[in-house]
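The values are calculated or read from the model by the stated rules, or taken from the named source; none is laboratory data. Note that the coordinates shown come from a computational prediction; the quantities given were computed from them, not determined experimentally. All Cβ positions, even for glycine, are placed from backbone atoms using ideal geometry, and neighbour counts span all protein chains on display. Ligands, DNA and RNA are excluded from the accessible area calculation, which covers all protein heavy atoms including side chains. Shrake-Rupley method; radii C 1.70, N 1.55, O 1.52, S 1.80 Å.
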Amino acid sequence: QVQLVESGGGLVQTGDSLRLSCAASGSTFSDYALGWFRQAPGKGREFVASIDGAASLTYHENSVRGRFTISRDNARNTVFLQMRGLTPEDTAVYYCAAARTTTVVVRISDYAYWGQGTQVTVSS
């Protein structure tokens, strides 16, 4: 089991950058693949990026590839989402999640543990 707490969200302008953090506790951090998801008003929760347990592999959804970067620091039990070139379309609640596997996973059903989310709002 692992507990996750996101932070770093806020109100920014189009073109700005923002770094989200997710602090984990409760289990061996490196045993989990980690992912970021987001949910905009009126939409379902969608995949953003994932990273494997050893930080060897990452996968980013097409709409954010080249702008967002997922990373993790296993020594600090923290996963990050560095966001650049933000647009209003990126406005959403961002959630981190953990899957009990060391491989990169993109299926939402594979993630058993979720944080409470942090709001990112991008103004035009």
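The figures follow:
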item	result
Tally of residues being open to solvent by less than 60 Å² (accessible area, probe 1.4 Å) and either part of a loop (DSSP other than H, G, I, E, B) or free of Cβ contacts under 8 Å to residues at least 60 places away in the same chain (or both) across the stretch 27-40	4
Given (1) in a strand (DSSP E or B); (2) over 15 Å from Y113 (Cα atoms), index of the condition G85 fails	(1)
When residues of the stretch 19-40 are limited to those that are over 18 Å from T103 (Cα atoms) and over 15 Å from the mean Cα position of the chain (by Cα), the one modelled with the lowest pLDDT	G26
Residue match in the stretch 7-26 (condition: in a loop (DSSP other than H, G, I, E, B), farther than 15 Å from V120 by Cα and not β-branched (V, I, T))	yes
Selection from the stretch 97-112 of residues that are farther than 17 Å from G44 by Cβ and open to solvent by less than 60 Å² (accessible area, probe 1.4 Å)	A98, A99, T101, V104, V105
The stretch 87-96, residues that are open to solvent by less than 20 Å² (accessible area, probe 1.4 Å) and among the acidic types (D, E)	D90
Residue count for the stretch 10-26, restricted to those that are buried (at least 17 other Cβ atoms within 10 Å of the Cβ) and in contact with a Gly (Cβ under 8 Å, 6 or more places away or on another chain)	4
Of all residues making up the stretch 41-86, the number that are more than 13 Å from the chain's Cα centre (by Cα), open to solvent by 40 Å² or more (accessible area, probe 1.4 Å) and touching a residue at least 60 places away in the same chain (Cβ under 8 Å)	1
Output for the stretch 98-110, where each listed residue is over 15 Å from H60 (Cβ atoms) and under 12 Å from the mean Cα position of the chain (by Cα)	A98
Residue in the stretch 98-120 that is assigned to a strand (DSSP E or B), touching a residue at least 60 places away in the same chain (Cβ under 8 Å) and of a type in the set (V, I, T) present	yes
